[in-house]
Amino acid sequence: MKILISDKMSDKVENVLNENKIPYDIKTDLSPEQLTEIIDDYDGILIRSATKLKAEIIGHCKNLKVIGRAGVGVDNVDIDTATKNKILVMNTPLGNLEATAELTIGLMFSLMRHIHLASPSTHEGKWEKSKFLGSELKGKTLGIVGFGNIGQRVAEIASVIGMKIITNSASASDDILSRFNASKVSTDELISTSDVISLHTKLNDETKNMFNATSLKSMKPSSVLINCARGGLINEADLKVALDNDVIAAAAVDVYETEPATNSPLFNAKNLLLTPHLGASSKEAQSNVAIDVAEQVADYLLNGNIINNINIIE
Ligand code: MLT
């Protein structure tokens, strides 16, 4: 039995595999051709987001049994092909939840108080105190699109700050909503009444370009938009136009349609805070997801136990 680690991840992953006496190779930055050539020498593969396991790569595998994603999003894995080929796909939904929720709250504070703009200005000796008059989060309405683990943690922190929480999540139960003092509203109502909108939903056919010229126009002109979920939820060209024309007040974007975002339509938009997909980039989160993914995959290969599976293998 052997595992391939094909993306850079915390060395905690090695401790877990060593404890379980599972041999492994670490081979990162492989081209699709290099990966195709070696992938079926392994029983399991551990990935983050850089490795793309498309049909061409996993479609021919006869030996590979499990794909472990150290993180939440599995949009870099062709789940249908994996399922057809009896390859189990697992993710680690809890390990980076705190990191992503905290980044979201940090971006929220920064947008409302202009921290990201005030720091470079002050470094330049400009002392633009009146230019950076901000707004408080307390009493404002936070619209959370998607009310899973991360959305709920954002709601929990935001409610302590004194924000009113609304969500459009169809699946959030009354019990969950009451735990976070949240109310369920339609997507249209969320878009038109929120002071801050934060995205924590999956990217799929239904949510792609959910924030486009029309929905951005429906937002309050004073409102701000934050995306720490997935690029593609916001139409990037439309967001740039909306920001440059003061349709909305500001936005913070951590995730992009194309990553790494070395040439984005968003670059140089007005009042736009950009970060390079840092949601899960805390020391704690990277350690958590590495341990979780290695433990889950080891437990599956050694004992047949399945948790946090994305697909079902017959
Ligand atoms: C995730 O899906 O876990 C986060 O976006 C972080 C990542 O892709 O590494």
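Out of (1) in a loop (DSSP other than H, G, I, E, B); (2) more than 16 Å from the ligand (Cβ to nearest atom), the odd one out for Asn204 is which?
Failing condition for Asn204: (2).
Restricting to the stretch 118-152, count the residues that are in a helix (DSSP H, G or I) and of a type in the set (Val, Ile, Thr). If you could, list the steps in order and put the result at the bottom.
As a first pass, look at the stretch 118-152 and keep what is in a helix (DSSP H, G or I): 118-123, 149-152.
Applying the additional criterion that residues be of a type in the set (Val, Ile, Thr) yields 122, 150.
Residues meeting the conditions: 2.
Look at Thr81 and say whether it is modelled with pLDDT of 95 or more, touching a Gly at 6+ places or on another chain (Cβ under 6 Å) and either on the phi > 0 side of the Ramachandran plot or not in a strand (DSSP E or B) (or both). It would help to see each step written out before you state the result.
Working: modelled with pLDDT of 95 or more: yes; touching a Gly at 6+ places or on another chain (Cβ under 6 Å): yes; either on the phi > 0 side of the Ramachandran plot or not in a strand (DSSP E or B) (or both): yes.
Yes; evaluated as a whole, the condition is true for this residue.
Take the residues of the stretch 37-54 that are modelled with pLDDT of 95 or more and part of a loop (DSSP other than H, G, I, E, B): which is farthest from the ligand (Cβ to nearest atom)?
Start the filter on the stretch 37-54 by keeping residues that are modelled with pLDDT of 95 or more, which leaves 37-48, 51-54.
So of that shortlist, the ones also part of a loop (DSSP other than H, G, I, E, B) come out as 42-43, 48, 51-52, 54.
Numbers: Tyr42: 21, Asp43: 23, Arg48: 5, Thr51: 11, Lys52: 12, Lys54: 17 Å.
Taking the candidates together, the pick is Asp43.
Regarding the stretch 103-117, can at least one residue be identified that is within 16 Å of the ligand (Cβ to nearest atom), part of a loop (DSSP other than H, G, I, E, B), touching a residue at least 24 places away in the same chain (Cβ under 8 Å) and of a type outside the set (A, V, I, L, M, F, W, C)?
Taking every residue of the stretch 103-117 in turn, none turns out to be within 16 Å of the ligand (Cβ to nearest atom), part of a loop (DSSP other than H, G, I, E, B), touching a residue at least 24 places away in the same chain (Cβ under 8 Å) and of a type outside the set (A, V, I, L, M, F, W, C).
Tell me the residue from Glu136, Glu124, Glu156, Glu128 that is in contact with a helix residue (DSSP H, G or I) (Cβ under 6 Å, 6 or more places away or on another chain) and among the charged types (D, E, K, R), please.
Numbers: Glu136 fails: in contact with a helix residue (DSSP H, G or I) (Cβ under 6 Å, 6 or more places away or on another chain); Glu124 fails: in contact with a helix residue (DSSP H, G or I) (Cβ under 6 Å, 6 or more places away or on another chain); Glu156 fails: in contact with a helix residue (DSSP H, G or I) (Cβ under 6 Å, 6 or more places away or on another chain).
Going through Glu136, Glu124, Glu156, Glu128 in turn, the sole match is Glu128.
Checking the condition outside any loop (DSSP other than H, G, I, E, B), aliphatic (A, V, I, L, M), within 11 Å of the ligand (Cβ to nearest atom) and closer than 15 Å to Ile3 by Cβ, which residue from Val293, Val297 passes? Reasoning before the result, please.
Details: Val297 fails: within 11 Å of the ligand (Cβ to nearest atom).
Criteria check complete, one pass: Val293.
Just a yes or no: is a residue in the stretch 18-33 assigned to a helix (DSSP H, G or I) and closer than 27 Å to Gly231 by Cα?
Kept after step one, since they are assigned to a helix (DSSP H, G or I), are these residues of the stretch 18-33: 18-19, 32-33.
Pick out the ones that are also closer than 27 Å to Gly231 by Cα and you get 32-33.
Yes, there is a match, as at least one residue in the stretch 18-33 is assigned to a helix (DSSP H, G or I) and closer than 27 Å to Gly231 by Cα.
Cβ-Cβ distance below 8 Å, separation of 6 or more or different chains: which pairs start in the stretch 227-244 with a residue that is in contact (Cβ under 8 Å) with a residue 60 or more places away in the chain and within 16 Å of Leu111 (Cβ to Cβ) and end on one that is in a helix (DSSP H, G or I) and within 16 Å of the ligand (Cβ to nearest atom)?
Taking only residues 6 or more apart or on different chains, the pairs are Cys228/Thr100; Cys228/Leu103; Cys228/Thr104; Cys228/Leu107; Cys228/Ile150.
Let's see how each residue does on (1) within 27 Å of Thr104 (Cβ to Cβ); (2) aliphatic (A, V, I, L, M); (3) modelled with pLDDT under 95; (4) crowded, with 20+ Cβ neighbours inside 10 Å:
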site: Leu278; (1), (2), (3), (4): yes, yes, no, no
site: Lys283; (1), (2), (3), (4): yes, no, no, no
site: Ser287; (1), (2), (3), (4): yes, no, no, no
site: Leu302; (1), (2), (3), (4): no, yes, no, no
site: Ile307; (1), (2), (3), (4): yes, yes, no, no
site: Ile312; (1), (2), (3), (4): no, yes, no, no
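The values are calculated or read from the model by the stated rules, or taken from the named source; none is laboratory data. Because the structure is a prediction, the values reported are computed rather than measured. All Cβ positions, glycine included, derive from the backbone under ideal geometry; neighbour counts span all protein chains shown.
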